[in-house]
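Take a look at the structure below.
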Amino acid sequence: MGDEVALTQAEAFARIRLLRSPNIGPISYRQLLARFGSAADALDALPDLASRGRGPYHPASAESIEREVTAVRAAGARYLFHDQPDYPALMGELESAPPIVTCRGNLALASAPCVALVGARNASAAAVKLARDFAAALAEAGFTVVSGLARGIDGAAHEGAFPATIGVIASGIDIAYPPQHAELQERIAQEGLVIAEQPPGTEPRGRHFPSRNRIIAGLALGTLVVEAAPQSGSLITARLAGEAGREVMAIPGSPLDARSLGCNQLIREGAVLVQTPDEVVELLQSFTGAPRSRFRVADSPSDFDYAELAKLDWGEARADLSGDIANLLTTAPVGIDELIRQAGVSAAEVHMALLELELAGDLVREADGAVRRAA
């Protein structure tokens with residue numbers, strides 16, 4: 001999660017501006033901070049670093065960030081930065097942890113033991129009741145229940161656990177989505193906790209939901225899927241939980257009901273079958289960082305220390321190296337460790353070359369850390 005720091009107002013403003021600048025995501029943001037020591041210095045370096053691009057690079061304007069800060073305050077929200085003491089430790093373990101989120105409510109809920117409870121939007125009545133009952137029992141046992149404020153299972157989870165619940169939304173902190181959950185979202189903001197990664201005013205788009213799902217999985221010791229169809233967003237959350245080394249649990253259902261096939265599939269692939277809240281409590285209270293679920297072995301995190309970037313003398317060979325790295329890329333994703341093996345240069349040089357390519361719009365980072373050439 002990084003060292004805890006006391007942010008000046010100017011540096012906090014520069015960090016927001018850095019993250020909102022074109023072609024910068026969570027990983028490139030952290031690399032830039034490590035390379036230049038501050039967001040202000042990183043902003044000054046951006047136009048030069050992005051010089052390989054198709055045109056001049058323009059960071060986010062100060063005026064746009066001033067408007068954003070005003071909107072966050074008007075919504076009754078606050079910013080939370082990745083290296084502040086109340087940033088959730090489990091979420092900070094994600095390689096792609098959001099560097100900045102906005103939130104409303106009781107942040108202490110995110111530091112308590114959390115369990116994610118997700119499932120179908122068009123859930124059956126029985127599954128909705130089951131989700132509500134499970135959430136109530138888990139909250140009674142001392143867990144914070146995390147979900148995505150969607151219709152169906154998510155809404156039932158929040159209602160059952162209230163007020164020990166966190167709603168993670170795919171929109172800006174000032175946007176209620178879905179609209180029929182506006183009252184529930186406000187209620188959670190008042191007594192639970194609402195977290196948003198997107199800037200205020202952002203309407204949810206399809207690409208925002210997988211990002212939202214990684215936060216849900218990242219906050220929790222484990223993810224429980226109550227009812228889900230194959231290839232649903234709930235299964236994405238479960239896979240992200242597995243990749244993060246967290247517990248993955250599912251409630252089985254009838255093979256005759258399409259809404260149960262996703263849960264049954266998870267169990268076949270190694271998720272832990274659970275039938276009572278006590279089984280979830282037992283599983284998570286004994287969690288030591290080695291999940292009992294065999295759903296997915298956690299990917300080995302990169303052992304590269306971004307602090308190495310600060311020692312790098314990028315020099316005049318940077319354009320040639322960036323070109324060489326670009327030539328190794330195709331539209332098929334490849335792991336960074338493989339690029340380092342093939343490039344024949346230091347890991348720091350490869351990471352800096354990838355950063356330049358990303359800023360120039362020539363590189364896409366996948367959710368699992370792999371990279372590919374932009375289409």
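Worth a mention:
- Scan segment 253-284 for residues that are polar (S, T, N, Q), surrounded by 12 or more Cβ atoms within 10 Å (Cβ to Cβ) and not in a helix (DSSP H, G or I) and the total you get is 1.
- Scan segment 213-234 for residues that are in a loop (DSSP other than H, G, I, E, B), buried (at least 24 other Cβ atoms within 10 Å of the Cβ) and of a type in the set (Gly, Ala, Ser) and the total you get is 2.
- Single residue of 73, 78, 132 found to be basic (Lys, Arg), over 29 Å from residue 263 (Cβ atoms), out of contact with any Lys or Arg (no Cβ under 8 Å at 6 or more places or on another chain) and free of Cβ contacts under 8 Å to residues at least 40 places away in the same chain: 73
- Taken over segment 312-357, the residue count meeting the criterion of being under 26 Å from the mean Cα position of the chain (by Cα) and open to solvent by 50 Å² or more (accessible area, probe 1.4 Å) is 6.
- Selection from segment 32-48 of residues that are in contact with a helix residue (DSSP H, G or I) (Cβ under 6 Å, 6 or more places away or on another chain) and buried (at least 22 other Cβ atoms within 10 Å of the Cβ): 32, 35, 39, 42
- Failed condition for residue 287, given (1) of a type in the set (Phe, Trp, Tyr); (2) out of contact with any helix residue (DSSP H, G or I) (no Cβ under 7 Å at 6 or more places or on another chain); (3) not in a loop (DSSP other than H, G, I, E, B): (3)
- Residue in segment 67-81 that is open to solvent by 70 Å² or more (accessible area, probe 1.4 Å), more than 21 Å from residue 363 (Cα to Cα), aliphatic (A, V, I, L, M) and modelled with pLDDT of 90 or more present: yes
The values are calculated or read from the model by the stated rules, or taken from the named source; none is laboratory data. The shown structure was predicted, so the numbers you read here are calculated from the model rather than taken from an experiment. With ideal geometry, Cβ positions are generated from the backbone for all residues, glycine too; neighbour counts draw on all protein chains shown. When the accessible area is computed, the model is the full protein with side chains, heavy atoms only, and any ligands, DNA or RNA have been set aside. Shrake-Rupley method; radii C 1.70, N 1.55, O 1.52, S 1.80 Å.
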